[in-house]
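I have placed the structure first, in the form of structure tokens, so that the comments after it can refer back to it.
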């Protein structure tokens, strides 16, 4: 049975009370927590207040619980008594209740009060009414009072209608109320606690009404109040004592805690200051991935404010959708099993900004335990810039690898760490060839590269590296590498060190394979020794060697010539050797050089006679010189004279024998025996037929005897046989001795062994007509055979063909592997060409990589002959296109071939050579590796070029050129000089581009007078500037052609101009290009040094675009490096160009050279160059090249 109070609310049961007490305690606890959370008192004050409130609340709750428990207990007792009373009444009047209720139906209140049944009903009730029951009421099923012990209540309804309806509908209900006034049958009572019980009445299973009883429990309530007051005193006293103890304990703890709190606050403040000032984002999440911390760096990084994200799921705010499940799974695995796969380590991942964009981050997650819960702190760094930098660096490295693949050797960065370990942060692909190792394998550890250093060189390498690191001096070393297969290679390293912040040393440099150079040097030493031995041997036999250039300047004299004339090397031959002020009358230089023929002459000079054989030879630069083989025949002349005087003097150093008129030998001298091997006894009585070599026919001897009969003398070259059977050449003189009657009685024969002279002549012939490298006919011999072929073609009517052959890109193998490798390739090409033609055809080498094939006796039909020539041409192209092994490198080359046919219709041989050359030009212009026949249209193009060359020659003569000046300024904007640039003002075509006429001037040789005019004009301008204080400091840079620089007289010409104009040589700067280093480096250095000693400076123009051999560069007496405009143009957008520009500046600084950049067009380019150490500039940012009249305004602008 469930009891209710008077208001209709359910009364709490014992379990309900405990639950309520728990809820009250929780509410109080929450209240105290909120109160404590909202204030920041010191610990003692807070504890005092909180504990006091807690104790008061606790005591109050306990007292209230006790009071309520007593009330509940007494209420239950009263309710039970009411139910028992109602039960007894129902039992007594059970049969009357229904009748009474039915009788009252339809009556009004007055009628019901006067109902006669009331008296009988009261009588029954009085028998069971308890003294505590104040009043009874009977309600019908409609809730109307049909009976009451207080008649005034009859006909009314209950003021607790809800409780009454519950009783009518279900079961007994109870309600406790306090009444100020309550009516009873005895009258009104006041201030009473009344318990009302509503007991339902049923009749024959039907609910007919409710019996209400009123019990007075005021005495019980008075006892409860008294007991509650006593208990309250006890409880409050106990809690007061407890509070006092807590107060004093808390007061002692408060001071210690206050100090700890202060320290903790300071630490926390420092921590949060650090967190809030951190450049990296720091966020915190709980185990459910909810954000609980978000520092300012995180706000800036993600675009969210802390208030916007705290409490929200991190996966929805900061993590891209594709990573969210993985994040949650990793978090769950850690919470379940402690797996730390992604914790306490750096990972790279993408994150999400507020605007939805993704960006790369570096993430470190650290778990933090706080009691029984786990938090996570994430340290986040935005690595977008780093990623872009890495990508740019990777791209730059790739481009750099592409560039360095074209560089002979490995370009590298080498680092020595503070702990002594080595690595190669960067090495180009050539490391695979140089060290036979993958560049990636030595990026962190250089051990694999050091492993291939030759054991005998290792200690020297280590010592040189240590010295370079210690003194920060450039590292240059030649050493050997040795591989597992026994291969030994020579390497040369050059690098510049720099100290890094962590104490490491970083070298920038390159290593090249110089094995070929070493071998070439050894071969050169051997070759020089061989040639020197030949020269010495010729000197031993008294033969002089003498080489004279086209300008009559002596290039070479062997020891014999120096003994005869003194050392005249470098001097004019006719003034030094001949002792004349003008060319000697006997000089045959023009015959030798211009006619390209070998001559033999015997001049007398300084009282001496010489026998000279002169022949043309080709120098390395393509020029022609004269080689003379000189024999002093003064003594021979004197001997001959004495012989004529003495007529019959017999004793001589030459072999001599005397025969009678029938040619029977009668006498011989000692020299005869020495030369022939026959003693006098062995030959006397015999004829000279015993010496017959069989090399001369009968006509030869008939002519000899005819001369003897006619002239009584004969001399000439004749081949004889020694006693041992050896055939040898002699120069023999036979003189007939007549008697007084004029009859021949004897013949005197004198001869000398000319074997050595013949050998020398054969060598000279080979030098004159054969290429010394390939042993093929040279141009001279080719022209001779071509002349014969043209004559034969006219006679026979058959066609002939001339094939010009050029090896495509041959220059690249010379540049990359050296001239020795190029020579090997030319020799191999010559051998292969010989397999492509018939025995009677001619293969010649004109020079460089140009070969000529002369085909004779082709078909009479032009088409058929063209087919035959084309077949040979294609065969040549195919054979020469096959791979060739040069210095262990496989070379794949192509060939361009030009063909022209002839059948005697060509006017000159030069015209035919020109046609073949035009055809070759056409083959090259159409992509190379092809065969082309002569095309007259191509001839027209060549003719136009010839016309331009003719105009250029006229322009040089008439001085149709202008000199423009482009300013050079320093980093402060001050004008420091200008570069002189030549311009051609053609009378008909106007201004002609330098790109059009400069290459033509180079090829035609007109660059020499043009260059002289430019330098002379620049010197004139320097004189004009020197006269003005505001321009006296200006310098002029003049470009010098490699051909101009190669002149033997170049130094003299420059110094002559300097002296003539009386200029300050320090104001003249000569710009040269790297191509100058390709030929005769020692000569280049010598000339530059002589000019530098006079104060003239040198600038390396277009540096980095050409040969770029640092081994030669370091030897040159340079003043300045000029960064080519091709690097400057994209220096702000192309990382490779920027890197190259920096390297050039760094290289110049390391070599104590000034650096200037050309092609500077924007202020941003200038600022970039200045930032990295370039402080001189030239380009359109300042001015384009202008005439001297306009340059005067620039002087004012940049004053």
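The values are calculated or read from the model by the stated rules, or taken from the named source; none is laboratory data. On a predicted model such as this, the values are computed, not experimentally measured, just so you know. Quick reminder, even Gly has a Cβ in these numbers, built from the backbone with ideal geometry, and neighbours come from all protein chains shown.
Using beta carbons and a limit of 7 Å, which pairs, at least six apart or on different chains, have the first residue in the range 521-536 and in the same structural domain as residue 563 (by TED's automatic domain parsing) and the second one loosely packed, with under 10 Cβ neighbours inside 10 Å and at pLDDT 75 or above? Going by the 7 Å Cβ cut-off, there are no qualifying pairs. Screening the range 327-390 for strands (runs of 3 or more DSSP E) wholly inside it with 2 or more residues that are more than 35 Å from the chain's Cα centre (by Cα) and assigned by TED's automatic domain parsing to the domain that holds residue 306 returns the ranges 358-370, 373-382. Is it the case that residue 1146 is crowded, with 16+ Cβ neighbours inside 10 Å, under 20 Å from residue 976 (Cα atoms) and touching a residue at least 12 places away in the same chain (Cβ under 8 Å)? Spelling it out, it is not the case that residue 1146 is crowded, with 16+ Cβ neighbours inside 10 Å, under 20 Å from residue 976 (Cα atoms) and touching a residue at least 12 places away in the same chain (Cβ under 8 Å). The condition (being loosely packed, with under 11 Cβ neighbours inside 10 Å and within 20 Å of residue 85 (Cα to Cα)) is satisfied by just one residue among 220, 215, 186: 186. With respect to the conditions (1) closer than 23 Å to residue 1066 by Cα; (2) within 19 Å of the chain's Cα centre (by Cα), residue 1148 falls short on a single one, namely (2). Of the helices (runs of 4 or more DSSP H) contained entirely in the range 795-883, those carrying at least 2 residues that are within 39 Å of the chain's Cα centre (by Cα) and within 19 Å of residue 779 (Cα to Cα) fall at 819-834.
Residue 382 falls short on exactly one of the conditions (1) within 30 Å of residue 297 (Cβ to Cβ); (2) at pLDDT below 80, and that condition is (2). The set of residues in the range 139-148 that are closer than 16 Å to residue 90 by Cα and either crowded, with 22+ Cβ neighbours inside 10 Å or without any contact (Cβ under 8 Å) to a residue 12 or more places away in the chain (or both) comprises 139, 146, 147, 148.
Do we have residue 360 as touching a helix residue (DSSP H, G or I) at 6+ places or on another chain (Cβ under 6 Å), surrounded by 14 or more Cβ atoms within 10 Å (Cβ to Cβ) and at pLDDT 85 or above here? So residue 360 fits the description; yes.
This table checks each residue for (1) in a helix (DSSP H, G or I); (2) exposed (fewer than 14 other Cβ atoms within 10 Å of the Cβ); (3) out of contact with any strand residue (DSSP E or B) (no Cβ under 8 Å at 6 or more places or on another chain).
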residue	(1), (2), (3)
1000	yes, no, yes
1003	yes, yes, yes
1029	no, yes, yes
1076	yes, no, yes
1082	yes, yes, yes
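I'm checking my understanding of the structure. Among residues of the range 619-652 that are assigned to a loop (DSSP other than H, G, I, E, B) and at pLDDT below 75, which one is surrounded by the most Cβ atoms within 10 Å (Cβ to Cβ)? Out of the qualifying residues, it is 652. If you check 429, 390 for being surrounded by 14 or more Cβ atoms within 10 Å (Cβ to Cβ), under 24 Å from residue 508 (Cα atoms) and modelled with pLDDT under 85, only one passes: 429. Across the range 197-213, not a single residue is classified as over 23 Å from residue 88 (Cβ atoms) and either more than 60 Å from the chain's Cα centre (by Cα) or not assigned by TED's automatic domain parsing to the domain that holds residue 75 (or both). Within the range 957-977, the presence of a residue that is part of a helix (DSSP H, G or I), buried (at least 18 other Cβ atoms within 10 Å of the Cβ) and at pLDDT below 95 is excluded. Looking only at the range 470-505, residues that are in a helix (DSSP H, G or I) and buried (at least 18 other Cβ atoms within 10 Å of the Cβ) come to 0 in all.
Among the residues making up the range 438-467, those that are crowded, with 19+ Cβ neighbours inside 10 Å and farther than 18 Å from residue 494 by Cβ are 439, 442. Out of (1) crowded, with 16+ Cβ neighbours inside 10 Å; (2) without any contact (Cβ under 8 Å) to a residue 60 or more places away in the chain, the odd one out for residue 919 is which? Of (1) crowded, with 16+ Cβ neighbours inside 10 Å; (2) without any contact (Cβ under 8 Å) to a residue 60 or more places away in the chain, only one is false for residue 919: (2). Against the list (1) part of a loop (DSSP other than H, G, I, E, B); (2) under 21 Å from residue 295 (Cβ atoms), the condition residue 307 fails is (1). Taking (1) within 24 Å of residue 1081 (Cα to Cα); (2) touching a helix residue (DSSP H, G or I) at 6+ places or on another chain (Cβ under 9 Å); (3) surrounded by 17 or more Cβ atoms within 10 Å (Cβ to Cβ) in turn, residue 1069 satisfies each apart from (2). Of the residues making up the range 747-770, those that are touching a helix residue (DSSP H, G or I) at 6+ places or on another chain (Cβ under 8 Å) and either within 26 Å of residue 622 (Cβ to Cβ) or buried (at least 21 other Cβ atoms within 10 Å of the Cβ) (or both) are 747, 749, 750, 751, 760, 768, 769, 770.
So, residue 303, is that one over 27 Å from residue 386 (Cβ atoms), assigned by TED's automatic domain parsing to the domain that holds residue 371 and modelled with pLDDT of 85 or more or not? No: the conditions fail for residue 303. Candidates 460, 489, 470: the one that is under 28 Å from the mean Cα position of the chain (by Cα) and assigned by TED's automatic domain parsing to the domain that holds residue 410 is 489.
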